[in-house]
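Here is the structure we will look at, set down as structure tokens.
The values are calculated or read from the model by the stated rules, or taken from the named source; none is laboratory data. Given the structure is predicted, the values throughout are model-derived calculations rather than measurements. Quick reminder, even Gly has a Cβ in these numbers, built from the backbone with ideal geometry, and neighbours come from all protein chains shown. We work out accessible area using only protein heavy atoms, side chains counted, and drop any ligands, DNA or RNA first. Shrake-Rupley method; radii C 1.70, N 1.55, O 1.52, S 1.80 Å.
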Amino acid sequence: MCRIDCLIPKEYEDKLTLSLQRRGSVEVEETRQKTKPGFMVEGESASDNLKKIDAYKGEIKRLIESFKPYQDKTGFLEGLMGVGGRKKENTHPTDSKALFTLIEEYLAGEGVWVRKLFDEKKKAEETIKQSEHELRKYGAYAKTQTSTRQLGESRLLYTLLGSIKTRKLPELTSKLNKKFRTKYILDLHPEAKSETPLTLTVSRQEKEDLKQLLKKTPLTLVEFPDIGRIDQWLAEKKQGVQETRRRLGELDKQLRGLSADHLPKLYLILELLENEENRNKTLTLCQNTDKTTVLRLWTPRRECEKTITQIKKSTENLCALEVESNPKNAPILLENPQILSSFELLTRLFALPRYNQIDPTLIIAPTFSIFFGLMLTDFFYGALLVTGSYLILCKYGDQSTGLRDLTIIFMACGVSSMFFGVLTGSYLGDFFGTYLYGGKPQDIALWLDPLHGSNTITLLVVACAGGFLHIYLGYLLGALDNIRAGNLKDALTKNLSWYVFAFGIILTALTQYPAANPMLPETLTLPSIALTSLGLILLFWGRGFIFLIEIISLVGSTLSYARLIALGLTTAGIALAFNFLSNIALQTPYVGVILAAVIFILGHIINILINTLGAFVHSLRLHYVEFFGTFYEGGGREFNPLEFKKKYTL
């Protein structure tokens, strides 16, 4: 990685940062510092642009949210992965001014009409909401021919409108008869079973008597606005709702038709705004004076000369440059062969390596695939995984880098599962070996069936031995890291000491085993014990007494790799169980074939889903805990170049 500090005239900052953004291979680091007032100033142009961008983004996002209900629905898988079919456009304004002009032309032209339609729609929805509220509130009085002008107190009469629970109506009638005899008018408007609307009229002189009576009666009074005849007003309100709904339907249809054209355009404008916002935020990180701008740039070494040439070209050679190669605080750019680069995703999930620390991706790529294959261990499960991942990659791989990397990882893991499926004779469990071949999976296995005889013990030993080698590979990588950093003492006492200790233990064991005829001569016993002791001394020198705990931890970590066989046995065992159940169901009269097919298909789908997830998680665990625990710390800062987002643009 190279660091380039450049001093340029302020008038060239837009041109330079735009050209760097198009190239997408340069990171701009913050160089703004607290200085004496009047010497360094904020980039006023960038700050003003950011205010405009923020305003434009708000307007565009509001239009997008308004159009979203009319967006074509995506499939379940597309929604889950956050991808979908979209057409990209080759649109890149030359500068901020050109972008702002493009947006203003849209907002002042098509945008005005679109906003007008949405405003009309909003107003119609509010009208319907208000009208429906009034219809719910006053709907029980739809047959009331009384005018609101007749309610309340007149020269001779006092009239009120309300409702009472139907079961309480006889009680009210009895009280009215007792109090007013026949000097009242009770007009009922039955609309609902539980509530009875009514109009009650008495003479003006008896107003207070009526009020006193109603205090002891559960009558709910209703106040109407000055609307004239109640039944006519409610009928007009209902008709208005119907007409507004028809207009709303027309607006929805019109907006749905517009969404196919405007939504892609709005997403495109939003992406261009976000790219411009990113570039202008970068400028606010730089030191500025009234006349100059200072930028600190990071770029890969292979791009250094091209970047310098680009800076000189963009500034017409009016620049001062200072270049430093491989500084200690450089950001991290993982660079691996194309075939393995997708596995960088797994490294990032844990942590990026520090600068000049070994990148573990080259080791993770083969070992992760092998571990996954050992745990899934079925030819057809692996084939389904490869096929499904390939189809997703072909359809959506260009829309999401993370999805592309994940599908490639699963394809590699699927190939590994197919390989180990052939070695163990697992084709949909024991389906081929038992039910088609007529024998046992061991008969068609190129190596051995894990469920046959004592093969489980053999595979367990192989898995733990492989785990031991995997852990010790981590110690070797740790030693190489320390040697590169000049920490020879740590390389010897914290990493290579484990090799001395293990070599001594193995030699000592071989001088004693087998007891009748040891593999190594007895004369090597003392040297092997001395080698073991030297390993212990080196471990104590490097780690103190905690090395005793680490030896126990090493044994536990090695045994942890037994999960490779445990999950492999689980996959084979579940497949065997569903095959057995399908075979039993096949004997059922009439529906046997259908029932067996359902059990067989659903069973294997469940098995592949559960154990694919299990294999992925446990493969990560063996790398992140057992393997990385021996040498890898991480803590690097990721290289974050100034570049264009290209989800909707080419």
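For THR612, which of the numbered conditions (1) farther than 30 Å from TYR499 by Cα; (2) open to solvent by 40 Å² or more (accessible area, probe 1.4 Å) fails to hold?
(2)
Any chance you could count how many residues in region 481-505 are open to solvent by 60 Å² or more (accessible area, probe 1.4 Å) and under 36 Å from the mean Cα position of the chain (by Cα)?
The qualifying residues number 0.
Only one of (1) part of a helix (DSSP H, G or I); (2) out of contact with any helix residue (DSSP H, G or I) (no Cβ under 9 Å at 6 or more places or on another chain) fails for GLY438. Which number is that?
(1)
Residues in region 535-568 that are part of a helix (DSSP H, G or I) and farther than 30 Å from THR367 by Cβ: how many?
3
If ILE339 satisfies all but one of (1) more than 30 Å from LEU428 (Cα to Cα); (2) open to solvent by 30 Å² or more (accessible area, probe 1.4 Å); (3) among the β-branched types (Val, Ile, Thr), what's the number of the condition it fails?
Only one criterion in (1) more than 30 Å from LEU428 (Cα to Cα); (2) open to solvent by 30 Å² or more (accessible area, probe 1.4 Å); (3) among the β-branched types (Val, Ile, Thr) is unmet by ILE339, namely (1).
Check whether at least one residue in region 384-405 is acidic (Asp, Glu) and part of a helix (DSSP H, G or I), and report yes or no.
yes
Scan region 288-299 for residues that are open to solvent by 10 Å² or more (accessible area, probe 1.4 Å), in a strand (DSSP E or B) and closer than 14 Å to TYR12 by Cα and jot them down.
Residues satisfying the conditions are THR292, VAL294.
Residue under question is LYS68, and the condition is that it be open to solvent by 20 Å² or more (accessible area, probe 1.4 Å), assigned to a helix (DSSP H, G or I) and either at pLDDT below 90 or farther than 30 Å from ARG302 by Cα (or both); does it hold?
Working: open to solvent by 20 Å² or more (accessible area, probe 1.4 Å): yes; assigned to a helix (DSSP H, G or I): yes; either at pLDDT below 90 or farther than 30 Å from ARG302 by Cα (or both): yes.
Criteria met by LYS68.
Pull up region 300-327, narrow it to residues that are of a type in the set (D, E, K, R) and either assigned to a strand (DSSP E or B) or open to solvent by less than 80 Å² (accessible area, probe 1.4 Å) (or both), then point me to the one that is farthest from PRO9 (Cα to Cα).
For region 300-327, the residue satisfying everything is GLU303.
Can you tell me how many residues within region 559-584 are among the aliphatic types (A, V, I, L, M), open to solvent by less than 50 Å² (accessible area, probe 1.4 Å) and touching a residue at least 60 places away in the same chain (Cβ under 8 Å)?
Adding up the residues that qualify gives 7.
Just need a number here: residues in region 188-204 that are at pLDDT 85 or above and surrounded by fewer than 16 Cβ atoms within 10 Å (Cβ to Cβ). Spell out the reasoning first.
Going through region 188-204, the residues at pLDDT 85 or above turn out to be 197-204.
Then drop every residue that is not surrounded by fewer than 16 Cβ atoms within 10 Å (Cβ to Cβ), which leaves 203-204.
Residues that pass the stated criteria total 2.
Six or more apart or on different chains, Cβ atoms under 7 Å: show the pairs whose first residue is in region 158-171 and more than 17 Å from ASP209 (Cα to Cα) and among the acidic types (Asp, Glu) and whose second is at pLDDT 85 or above and part of a strand (DSSP E or B).
none
State whether the residues of region 441-461 include one that is among the aliphatic types (A, V, I, L, M), assigned to a helix (DSSP H, G or I), within 30 Å of PRO360 (Cα to Cα) and in contact (Cβ under 8 Å) with a residue 12 or more places away in the chain.
yes
Could you list, in sequence order, all residues of region 93-117 that are closer than 14 Å to SER66 by Cβ, open to solvent by 20 Å² or more (accessible area, probe 1.4 Å) and touching a residue at least 60 places away in the same chain (Cβ under 8 Å)?
Listed by number, the list holds a single entry, GLU110.
Please state which one of LEU270, LEU248 is within 30 Å of ASP48 (Cα to Cα) and assigned to a helix (DSSP H, G or I).
Of the residues listed, the single one that is within 30 Å of ASP48 (Cα to Cα) and assigned to a helix (DSSP H, G or I) is LEU270.
Of the residues GLY382, GLY397, which is out of contact with any strand residue (DSSP E or B) (no Cβ under 7 Å at 6 or more places or on another chain), crowded, with 20+ Cβ neighbours inside 10 Å and not polar (S, T, N, Q)?
The match here is GLY382.
Using the structure shown, decide if THR148 is within 36 Å of the chain's Cα centre (by Cα), of a type outside the set (A, V, I, L, M) and over 19 Å from ILE64 (Cβ atoms).
Judged against the criteria, THR148 is not a match.
Quick one: which helices (runs of 4 or more DSSP H) sit completely within region 91-191 and have at least 2 residues that are β-branched (Val, Ile, Thr) and out of contact with any Gly (no Cβ under 7 Å at 6 or more places or on another chain)?
Numbers: elements: 96-108, 110-138, 169-180.
In region 91-191, the matching helices (runs of 4 or more DSSP H) lie at 96-108, 110-138.
All but one of (1) open to solvent by 50 Å² or more (accessible area, probe 1.4 Å); (2) under 30 Å from THR91 (Cα atoms); (3) at pLDDT 90 or above; (4) of a type outside the set (Asp, Glu) hold for LEU255; which doesn't?
Failing condition for LEU255: (1).
Return the total of residues in region 7-20 being surrounded by fewer than 21 Cβ atoms within 10 Å (Cβ to Cβ) and outside any helix (DSSP H, G or I).
Counting residues in region 7-20 that are surrounded by fewer than 21 Cβ atoms within 10 Å (Cβ to Cβ) and outside any helix (DSSP H, G or I) gives 2.
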